Amino acid sequence: MCNLYAQTSSQDEIRAIAQVLSDHTGNLPPMPDIYPDYAAPIVRNGQNGRELVLARWGMPSPAFALKGRKVDRGMTNIRNTASPHWRRWLGVPHRCVVPFTAFSEQARQDDGSFHPVWFAANETKPLRFFAGIWTSWTSVRKLKEGEVTADLFGFLTTDANAVVAPYHPKAMPVILERQEEIETWLTAPTPVALQLQRPLQESSLQVL
């Protein structure tokens, strides 16, 4: 599971590539370390067009994952899009794209410990987007915080490609490289949009 990523590109670049009409994030600083439940930027379809907003990373967990728990820390990664739990959010109103410049997977070392390995398009870490979903949800995410209503997001994963597999063989995020892929994810019928849930070609990713 990807539970750490970075977003260090400019607001102007995010707005231009994702064709954002309204920006509600204020002065958005570089975010070199985004962890679960952090507020991070997403681009979604708003009532007045495409908008850039902040949401907390971690979609509502399925009921089976909450048994015996008092809090829902959220699900950061979504793989099984056939699940009824996720299907309700796969339509256009709940799709989003998540800007990022690099993502990390925890790789097991020879001594049994885990160490983050970072991946990006190349050393310059150009802007890209994860294919994501979002919702507004009321839950207890932290005991000290109590019940809150917040906009939440997560992004899809798929099979790991040959670059990621040596470090994390089970999965990698669904990455959108081109504007037409962003448009498809944000506007196309669900069966068409889900065709984007596939590994990124190896030549488009490297270990930093």
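State whether the residues of region 61-68 include one that is surrounded by fewer than 20 Cβ atoms within 10 Å (Cβ to Cβ) and either touching a Phe, Trp or Tyr at 6+ places or on another chain (Cβ under 9 Å) or basic (Lys, Arg) (or both).
yes
Could you list all residues from region 163-194 that are of a type in the set (S, T, N, Q) and either within 15 Å of Ile133 (Cα to Cα) or touching a Pro at 6+ places or on another chain (Cβ under 9 Å) (or both)?
Thr184, Thr187, Thr190
What pairs come up if the first residue lies in region 171-190 and is closer than 15 Å to Thr81 by Cα, the second is surrounded by 21 or more Cβ atoms within 10 Å (Cβ to Cβ) and of a type in the set (Phe, Trp, Tyr), and their beta carbons are under 7 Å apart, counting only those six or more places apart or on different chains?
Pro173/Phe103; Pro173/Phe130; Pro173/Phe155; Val174/Phe130; Val174/Phe155
Looking only at strands (runs of 3 or more DSSP E) that fall completely inside region 114-163, which ones have 1 or more residues that are farther than 13 Å from Tyr5 by Cα and among the aliphatic types (A, V, I, L, M)? It would help to see each step written out before you state the result.
Details: elements: 114-120, 128-140, 147-158.
Strands (runs of 3 or more DSSP E) meeting the threshold: 128-140, 147-158.
Within region 164-189, count every residue that is part of a helix (DSSP H, G or I) and touching a helix residue (DSSP H, G or I) at 6+ places or on another chain (Cβ under 9 Å).
Filtering region 164-189 down to residues part of a helix (DSSP H, G or I) leaves 179-187.
If we keep only those that are touching a helix residue (DSSP H, G or I) at 6+ places or on another chain (Cβ under 9 Å) too, we end up with 179, 181-182, 184-187.
The total comes to 7.
Within region 54-106, which residues are of a type in the set (D, E, K, R) and either more than 14 Å from the chain's Cα centre (by Cα) or assigned to a loop (DSSP other than H, G, I, E, B) (or both)?
Correct list: Lys67, Arg69, Lys70, Asp72, Arg73, Arg79, Arg87, Arg88.
So, Arg44, is that one in a strand (DSSP E or B), within 21 Å of Arg178 (Cβ to Cβ) and touching a Leu at 6+ places or on another chain (Cβ under 6 Å) or not? Talk me through it step by step, then tell me what you get.
Values: in a strand (DSSP E or B): yes; within 21 Å of Arg178 (Cβ to Cβ): yes; touching a Leu at 6+ places or on another chain (Cβ under 6 Å): no.
No.
In region 3-31, which residue that is more than 29 Å from Glu105 (Cα to Cα) and of a type outside the set (S, T, N, Q) is surrounded by the most Cβ atoms within 10 Å (Cβ to Cβ)?
The residue in question is Val20.
Test Val192 against the criterion of being at negative phi and not in a helix (DSSP H, G or I), and give yes or no.
No, not satisfied.
Rule-based calculations on the coordinates, nothing more; no lab input. What you see is a predicted model; the values in this text were computed from it and never measured. Every residue, glycine as well, gets a Cβ built from its backbone with ideal geometry; the counts of neighbours run over all protein chains shown.
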